[in-house]
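Nothing in this text is a laboratory measurement; each read-out follows from the coordinates by a stated rule. Because the structure is predicted, anything quoted here is derived from the model rather than measured. Positions of Cβ are backbone-derived with ideal geometry, glycine not excepted, and every protein chain shown enters the neighbour counts.
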Amino acid sequence: MNLLQQVEREILTARKRETVDVRPGDTVRVHVRIVEGSKSRIQIFEGTCIRIKRGGPRTTFTVRKMASGVGVERIFPATCPNVERIEITARHKVRRAKLHFLRGRTGKAARLKPIRDFVPIVALAEETSKRKRRGKKRRQAARDA
């Protein structure tokens, strides 16, 4: 085993976030920590996952959204500590691993067929306190009841 593999194994064991099953065609909300000077804030980037590049701790996924009629793509490392949370809000039926054809489409032509029985998934960073998670579960249980 070479040095790179040893370092990757250490990174995977020290990962703060549980793995999330992001697939091409998913509509995701990525909560990213933005640092401006001495202040930091969370910015949400919501769009369609058009590609996933697997590679252990070097895994990245590309999210595309439309902002004021202009397509914006952003590549996120899956193990990045600046990514606070990844929410999968919808899953769509796709027949390709890379959805680069969506770049040339706008409006109704860029629609994907949704999977109806999908339940949203949230992957939190481990830094989130258990108290916050419990409160969220209680609110969710009260909403369902």
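What are the pairs, 6+ residues apart or on separate chains, where a residue within the range 1-12 that is closer than 10 Å to Gly56 by Cα has its Cβ under 6 Å from a residue that is assigned to a helix (DSSP H, G or I)?
From residues that are closer than 10 Å to Gly56 by Cα, the pairs are Glu8/Gly56; Glu8/Pro57; Ile11/Pro57; Leu12/Pro57.
Quick one: would you say Thr79 is of a type in the set (Ser, Thr, Tyr), over 25 Å from Leu12 (Cα atoms) and in contact (Cβ under 8 Å) with a residue 40 or more places away in the chain? I'd like the intermediate steps shown before the answer.
Numbers: of a type in the set (Ser, Thr, Tyr): yes; over 25 Å from Leu12 (Cα atoms): no; in contact (Cβ under 8 Å) with a residue 40 or more places away in the chain: yes.
Against the criterion (of a type in the set (Ser, Thr, Tyr), over 25 Å from Leu12 (Cα atoms) and in contact (Cβ under 8 Å) with a residue 40 or more places away in the chain), Thr79 does not qualify.
Hey, among the residues in the range 1-60 that are in contact with a strand residue (DSSP E or B) (Cβ under 9 Å, 6 or more places away or on another chain), outside any loop (DSSP other than H, G, I, E, B) and polar (S, T, N, Q), which one's nearest to Val122 (Cα to Cα)?
It comes out as Thr27.
Working only within the range 83-110, note down all residues that are part of a loop (DSSP other than H, G, I, E, B) and exposed (fewer than 14 other Cβ atoms within 10 Å of the Cβ). Give the derivation first.
Narrowing the range 83-110 to residues part of a loop (DSSP other than H, G, I, E, B): 91, 94-99, 105-106.
The answer is Arg95, Arg96, Ala97, Lys98, Arg105, Thr106.
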